[in-house]
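So the structure is just underneath, and the comments pick up after that.
Read-outs throughout are calculated quantities, based only on the coordinates presented, and are distinct from any laboratory measurement. What you see is a predicted model, and the numbers here were worked out from it, not measured in a lab. All Cβ positions, glycine included, derive from the backbone under ideal geometry; neighbour counts span all protein chains shown.
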Amino acid sequence: MYVKSLKASNFRNLSQLEVNFSPGTNILYGYNGTGKTNLLEAIFVLCLGRSHRGALESVMLRGNGEVYRIEGCIEKEGVAHEVAVAYQRGGRKRITIDKARVTAAELYGSHCVVSAGPEDSGILSGPPSVRRSFLDMYLSQFSNKYLVYLLDYHKVLAQKNACLRLDDDPTPFNVLLVSVGAEVVRKRQAFIEEISSLAEHYYADISQGGNLSLVYQPSITLNQGKLNLDEINLAFQTALRQNEEREKITKTALVGPHRDDVLFRIGNYPARTHSSRGEWRTAAIALKLAVYRLLKAGRKTQPILLLDEIFAELDDQRTAGIMLALGDFGQLFLTTAGDPPEPLRQDSRCFRIHNGSVQDTN
């Protein structure tokens, strides 16, 4: 699949633009702050209906504008589809495919996109919520069932928390919380197992011998190894009983996937506290390349790849390692304030970004 064209209005600093892209490599260059990352964000919103940076809709709306609109043509298996995402201030998003209204969840089943950029260092260095957001964004593309379970879980979680705040009995919600929450845990566990070996391989290649490891840390106590759903259910129920009084005191749910984390180690030390910015960025890129490869195999298509200044702050050795690791990809968007690596400039289409406008310089 690839994005053939995109139109955007009142999105970030992109007041009005229209651009046609190459199905191969697209290089977006220009000074910092001119709109390169915003254009990548617009592509991501077109594909999945949300920001890859986790930005609120109101934040993406330009200035005093009332509506932002992004529309484009996305080709899948030789068939072109017209996709549009629009948001009105204070209102709701409207998403359409070929003029038929769809939900944001349906976009995850239709499109596949991976983004890598400076903000990804937060996956290694930031709070657990950043790592959960990473899991949810890409696991939802890999498994539509996961997205259904996740949405159901958060609905039940909100109801349970409302009961706790009102000093009502929350236990009636625990049965459903365990039912859908155990499915979320099982799929997260399997996903981490699949991407960990890939990410470790990419990190070693990029850093020329460095060591990276990933360990899933659910909020419930699980035995080592692959577990079946009954075992996860039992562990979940046990943790709920053990934390029942604490939840009443804190008036919030303390057990479940909303408290999960992922432990990253670089060189056998926790990455969050012992690694450098360059190591964080390298590990994040390795992680996204692993996700790309997994999605490509699982979805039987080449995801769109968005790379935002990924070579900044990296030495020549790591840059060369990334170039080797990229290997075969489909449509690629790369932003840069300087000159991109020579291999990526070959047969690429270049666009100069200046103050929210786009100029095709080929």
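Here is the size of region 42-151 from its Cα atoms: Rg then Dmax, 14.6, 41 Å. The alpha-carbon of Lys248 sits under 28 angstrom from the alpha-carbons of these lysines, leaving out residues fewer than 8 places away in its chain: Lys155, Lys160.
Normalised by 2.2 N^0.38 Å, where N counts its residues, the alpha-carbon radius of gyration of the chain equals 1.03. So which aspartates and glutamates pass the test for Lys296, namely a Cα distance under 15 Å, with those fewer than 8 places away in the same chain ruled out? Here the aspartates and glutamates satisfying the reach criterion relative to Lys296 are Glu77, Glu194, Asp328. Considering only Ser179, Ser115, Ser196, the Gaussian network model of the chain with Cα springs below 10 Å gives its largest mean-square fluctuation to Ser179. Pairs Lys145/Lys300; Lys4/Lys99; Lys7/Lys288; Lys93/Lys288; Lys93/Lys145; Lys4/Lys76: which exceed 19 Å Cα-Cα? The answer is Lys7/Lys288; Lys93/Lys288; Lys93/Lys145. Ranked for footprinting exposure by Cβ neighbours inside 10 Å, fewest first, Arg299, Arg12, Arg241 give Arg241, Arg299, Arg12.
Calculated mean residue ellipticity, 222 nm, the chain: -14000 deg cm²/dmol, from DSSP H runs (n ≥ 4) at -39500 (n - 2.57) each, averaged per residue and rounded to 500.
Comparing Thr335, Thr319, Thr282 in a Gaussian network model of the chain where C-alpha atoms under 10 Å apart are linked, the largest mean-square fluctuation is found at Thr319.
How would you rank 154-161, 107-114, highest first, on the average number of other Cβ atoms within 10 Å across their residues?
On the way: 154-161: 16.6, 107-114: 21.9.
Output ranking for 154-161, 107-114: 107-114, 154-161.
Projecting the Cα positions of Thr34, Met60, Phe333 onto the charge dipole of the chain (unit charges on Cβ atoms of Lys, Arg, Asp and Glu, taken about the Cα centre) puts Met60 furthest along the positive direction.
Once the convex hull of the C-alpha atoms of region 7-87 is built, how many Å³ does it hold per residue, rounded to a whole number?
Numbers: hull volume 7.9 nm³, N = 81.
Spread over its residues, the Cα hull of region 7-87 gives 98 Å³ apiece.
Here the peptides 263-271, 18-26 are ranked by packing, the mean other Cβ count within 10 Å, and the order with the highest first is 18-26, 263-271.
Send over the semi-axes of region 150-244's equivalent ellipsoid, whole angstrom and largest first, taken as the square roots of 5 times the C-alpha gyration tensor eigenvalues. Each step should come with its number before you reach the end.
Numbers: eigenvalues 230, 39, 25 Å².
Equivalent ellipsoid semi-axes, largest first: 34, 14, 11 Å.
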